[in-house]
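Everything below concerns the one structure shown next.
We did not get these values from a lab; they are worked out from the coordinates using the rules stated. Predicted model, so just to flag it, every value in this text is computed and none were measured. Ideal geometry is used to build each Cβ from the backbone, glycine not excepted, and the neighbour counts take in all protein chains shown.
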Amino acid sequence: MANHLVVAIDGPAGAGKSTVAKLVAARLGFAYIDTGAMYRAVALVAIRAGALGDKAAIEKIAADINISFRPEGEINRVFIEDGEITGDIRTAQVSAQASFVSSLPGVRAAMLVKQRALGMAGSVVMDGRDVGTCIFPAAQVKVFLTADSLERARRRYVELVAGGQTAELKELQKEMDARDKADSERAIAPLKKAGDAVEIDSSRLSIGQTVDLIVALAKAKGKTGESVL
């Protein structure tokens with residue numbers, strides 16, 4: 001494999017990016033960086049601080065926040081200065097604010113610096129909305145992972161219920177469609193497929209099949225010895 005390989009996995013909410021990216025990283029022995037969790041962390045801190053109505057305050061939170069990841073088995077634990085927030089950032093309230101927070105120019109600028117620093121530290125699998133288009137446009141492996149909206153809503157429903165939260169499938173689908181629209185239409189770093197990305201529709205694929213496809217892409221690219229640096 002190349003000394004420094006970046007696997008960028010982008011796609012809409014609920015496509016299974018985080019689950020697949022974690023497994024791909026484990027198979028390849030790469031670090032896993034969840035960019036969505038980083039925006040969720042900013043949203044969580046803003047909610048706790050009562051700062052959602054103050055864009056400048058949110059942007060300052062993004063600049064100052066220290067986010068770290070600690071993989072533990074199949075769980076990618078997320079921490080900020082105050083401690084672990086792995087479960088806290090997956091609530092419906094945080095999900096509802098994450099798209100708005102990620103649309104703020106100052107937040108995206110701050111996260112871009114942090115995300116690139118994490119990605120430059122070594123071979124990584126990074127998932128989000130704009131990894132292959134903005135964060136690492138020279139990533140050697142780019143995947144646009146998607147699935148139909150009902151299937152994505154169903155997956156999120158299962159995730160929330162398993163975590164002890166209540167949810168309504170139709171409402172989740174409605175919220176997911178609204179978030180996709182907002183993410184795709186935002187002026188800065190919109191959700192879109194990179195021109196050189198491989199699109200994978202996972203609607204009828206198992207997690208294992210999806211992981212196998214991406215691992216094969218990474219191994220094939222790694223043999224070329226290309227580097228993102």
Checklist entry - Does region 63-73 include one or more residues that are under 24 Å from His4 (Cα atoms) and crowded, with 20+ Cβ neighbours inside 10 Å? => result yes
Item to check | The listed residue being hydroxyl-bearing (Ser, Thr, Tyr), assigned to a loop (DSSP other than H, G, I, E, B) and within 27 Å of Thr86 (Cβ to Cβ), out of Thr166, Thr210 | outcome: Thr166
Item to check | Sole residue being of a type in the set (Ser, Thr, Tyr), out of contact with any helix residue (DSSP H, G or I) (no Cβ under 7 Å at 6 or more places or on another chain) and farther than 23 Å from Ala167 by Cα, chosen from Ser95, Ser68, Ser102 | outcome: Ser68
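For (1) touching a residue at least 60 places away in the same chain (Cβ under 8 Å); (2) under 18 Å from Ser102 (Cβ atoms), each residue gets a yes or a no:
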{"site": "Gly164", "(1), (2)": "no, no"}
{"site": "Ala167", "(1), (2)": "yes, no"}
{"site": "Gln173", "(1), (2)": "no, no"}
{"site": "Arg179", "(1), (2)": "yes, yes"}
{"site": "Val198", "(1), (2)": "no, no"}
{"site": "Arg204", "(1), (2)": "no, no"}
{"site": "Leu217", "(1), (2)": "yes, no"}
{"site": "Ala220", "(1), (2)": "no, no"}
